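Read through the structure below, which is laid out as structure tokens, and then see the notes.
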Amino acid sequence: MQTREPLLPEGARRTAAWCGVALLVAGVAAVLIWLCIVLKTALTPVLLALLGTALLGPVHRRMTAHGVNRSIAAGFTCALLVAVVGGAGYIVVTALVDTGDQIVQSLKDAGQWVIDHFGIADGTNVDDLTANAQKLVEKFGASAAGGLLTGISLVGSLIATSVLALLLTFFFLRDSDRAVHLAHTVAPRGTGDLVEAMGRRAFEAVEGFMRGTTFIALIDAVCITVGLLILRVPGAVGLGALVLVGAYIPYLGAFISGAVAVLVALADRGFVIALWALGVVLAVQVLEGHILQPMIQSRTVQMHPAMIMIALTAGASVAGLLGMLLAVPMCAAAFGILGELRGRGAPQAPAEPDTP
């Protein structure tokens, strides 16, 4: 019997198969992103609660290991979270309020210095640039930072989201021991162990990212604040607060906060002090990139800087500033899951026979 030759050659059939897989993955990803946008009102507190749980999980586990009731330990941990976040927020807001006008004026002076010394078009002044910047903020700010809960004021939405995230953090901490049973219950038959392993790897990646980023942010903020205080740059504490907050947005946050510090030094202390401020910022970034990051986050999922920038851009396009904050932890969780699947799919090396 004569066998029919395939319509397409082997290479074309392989290419078509891979294209089908790529289209399927892209379709699933598009549906998930659409669901995240539609359900962002409910999804945002859950994601924030997961970040809080990842950050304070070790404290809760240590308390329960010493015999403390799980509910009491979860309540104490949430109270600690409120105290730490509230205290840090108060310090940051107070520093920015106290020195905000000075920083803004310094930035305007720096802009005017750049215009005067680099021969930008006649008639251009920093007030025009400031007005244009304000128009841009008014045009794009609502879509980037606002609109978290449609139809509710921004302050009310932030309060509601924070309270809901805090309550969810309490329940996640208290009932974390039931997560394994839940994974085996909802997973298809025979895949409970795989779902549990993927969940553990994803949460460990987020946990490591949150702990490492918080520790690195504190070190960066303290070092830059001390350096600016030594250089007698005005608003050093407020600039350090910007560094602390911006550290949770990798690369982009450090670049913006560092640029602001250098511009303030340029406007108030002159070109030489600005160079010293730039040296302080660069030294801290080198310390972070070559010592702190490898040492602190060596056991977590490592992502290429290009992947982080792509994740930040995608997060900003989906959910503005909140998306930028959540993009990297979610990517860390995804890479943790992929690492678990790749480890399970790797072929096992055959055991060597015992020699007599």
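The values are calculated or read from the model by the stated rules, or taken from the named source; none is laboratory data. None of these values were measured; they are calculated from a predicted model. Note that each Cβ is placed from the backbone with ideal geometry, even for glycine, and that neighbours are counted across all protein chains shown. In case anyone asks, the SASA skips ligands and DNA or RNA and just uses the protein heavy atoms, side chains included. Shrake-Rupley method; radii C 1.70, N 1.55, O 1.52, S 1.80 Å.
Numerical summary
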quantity	calculated
Within segment 179-208, tally of residues that are more than 20 Å from Arg342 (Cβ to Cβ) and touching a residue at least 24 places away in the same chain (Cβ under 8 Å)	1
Members of segment 190-241 found to be closer than 30 Å to Asp268 by Cβ, small (Gly, Ala, Ser) and assigned to a helix (DSSP H, G or I), listed by number	Ala217, Ala221, Gly227, Ala236, Gly238, Gly240, Ala241
Some residue of segment 27-49 being within 29 Å of Val245 (Cβ to Cβ), touching a His at 6+ places or on another chain (Cβ under 8 Å) and modelled with pLDDT of 80 or more	no
Counted residues, segment 247-256 - those being open to solvent by 40 Å² or more (accessible area, probe 1.4 Å) and out of contact with any Gly (no Cβ under 9 Å at 6 or more places or on another chain)	2
Inter-residue pairs, beta-carbon under 9 Å, first touching a residue at least 24 places away in the same chain (Cβ under 8 Å) and in segment 15-41, second surrounded by fewer than 10 Cβ atoms within 10 Å (Cβ to Cβ), 6+ apart	Thr41/Thr150
Yes/no for Thr225 being at pLDDT 80 or above, within 22 Å of Gly57 (Cβ to Cβ), open to solvent by 10 Å² or more (accessible area, probe 1.4 Å) and of a type in the set (Ser, Thr, Tyr)	no
Verdict on Cys19 being modelled with pLDDT of 80 or more, under 27 Å from Ser157 (Cα atoms), open to solvent by less than 80 Å² (accessible area, probe 1.4 Å) and assigned to a helix (DSSP H, G or I)	no
Residue match in segment 65-74 (condition: modelled with pLDDT of 70 or more, open to solvent by 40 Å² or more (accessible area, probe 1.4 Å) and of a type in the set (Ser, Thr, Tyr))	yes
Close pairs from segment 267-285: first within 20 Å of Thr213 (Cα to Cα), partner acidic (Asp, Glu) and in a helix (DSSP H, G or I), Cβ under 7 Å, at least 6 apart	Val284/Asp220
Pairs where the first residue, in segment 304-318, is outside any helix (DSSP H, G or I) and the second is open to solvent by less than 50 Å² (accessible area, probe 1.4 Å), C-beta under 7 Å, 6+ apart	none
All positions within segment 191-250 that are closer than 23 Å to Leu322 by Cβ and of a type in the set (Asp, Glu)	Glu207, Asp220
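To keep it simple, each residue is scored yes or no on (1) over 25 Å from Ala333 (Cα atoms); (2) buried (at least 21 other Cβ atoms within 10 Å of the Cβ); (3) over 20 Å from the mean Cα position of the chain (by Cα).
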residue: Leu173; (1), (2), (3): no, yes, yes
residue: Thr185; (1), (2), (3): no, no, yes
residue: Arg211; (1), (2), (3): no, no, no
residue: Ala217; (1), (2), (3): no, no, no
residue: Ile230; (1), (2), (3): yes, no, yes
residue: Pro234; (1), (2), (3): yes, no, yes
residue: Val245; (1), (2), (3): no, no, no
residue: Gly258; (1), (2), (3): yes, yes, no
